[in-house]
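Since every read-out is calculated from the coordinates, none of them should be taken as a lab result. If you're wondering where the values come from, they're calculated on a predicted model, not measured in any experiment. Counting neighbours? That spans all protein chains shown, and the Cβs are built from the backbone with ideal geometry, glycine included.
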Amino acid sequence: MMMVLTGGLAAGKSTVAKFLEQHGAQIIDTDQIAKKLLEPFSPCFKEVLAHFGPPVLNPDRSLDRKKLRQKIFEHPQDRLWLENLLHPEIQRIVLEETQKAQAKFKVIVVPLFRSKKNYPADLVLSVECPEKEQIQRVMKRDLISESLAKKMIAAQPSSEERQALADEVIWNTGTPQELEKNVSKFLTSLGDFLQ
């Protein structure tokens, strides 16, 4: 079984992915793939450097992700440029990874999930939480301003768009233990799919 796991920024996707992994799922995380694609001197890294210039580098010539993030959320055309550079490569690698994957239950974590045609899956699960909570969580997690947090959330598909694409929605509004219970209920509901 192949599942896409998506959700809002700081809604709890990583926590849900960990729970699913503990239950035998093989996780393919598009964020991790994107990080690898931007390692120093890779083809994508070179294109990013040519586009944005040295201001997005650390002193050791690696990518300063905070500076890059600030830039792309202040200039939407730069964000689209970066998405157009990375997303086809990410999709290609995901396809390779899913074909190699041995587990019966494969989960592709896709924060910017906009279409089922890009990531064919049996099921789409979205993790959601209220936007106010999202803003507070991302400010605390990334040590950023409220205005940047709002820009980052606005750049993603809306909660309504994600829920329209999702087959199942898990709301993360309580403790990690409550979230784990919700994930367990979800897994129980899959039943025969996971046999």
Cα pair distances exceeding 28 angstrom across the range 2-189, given as percent: 27 percent
5 angstrom amide H check on LEU63, placed H, neighbours 5+ away: ASN58
Sorted by Cβ neighbour density within 10 Å, fewest at the top, the residues SER159, SER115: SER115, SER159
Per-residue HN-Hα couplings for the range 46-57 [Karplus 6.51, -1.76, 1.60; θ = phi - 60°; Hz; x = Gly/Pro]: 4, 5, 5, 5, 5, 7, 9, x, x, x, 9, 9
Residues with amide H under 5 Å from that of GLY7, placed H, sequence gap 5 or more: PHE113, VAL127
Rounded to whole Hz, the Karplus (6.51, -1.76, 1.60) HN-Hα couplings of the range 29-44, x for glycine and proline: 9, 5, 5, 5, 5, 4, 4, 5, 5, 9, 5, x, 6, 6, x, 5
Mean Cα-pair separation over length for the range 2-189, i.e. relative contact order, pairs under 8 Å, 6 or more apart, %: 38 percent
Cα gyration tensor, the range 1-79 - rounded (a/c under 1.5), prolate or oblate: prolate
Residues ARG69, ARG92, sorted so that the one with the fewest Cβ neighbours within 10 Å comes first: ARG92, ARG69
Tilt relative to the chain, helix 65-74 - C-alpha long axis, 0 to 90 degrees, to 10: 90 degrees
Cβ-based exposure ranking for CYS129, CYS44, in which fewest neighbours within 10 Å come first: CYS44, CYS129
Cα-based helix-to-principal-axis angle, 176-190 vs the chain, degrees rounded to 10: 60 degrees
Candidates GLY53, GLY24, GLY12: whichever shows maximal mean-square fluctuation once the chain is modelled as a Gaussian network with Cα springs under 10 Å: GLY53
DSSP bridge pairs, the chain: antiparallel proportion in percent, nearest 5: 5 percent
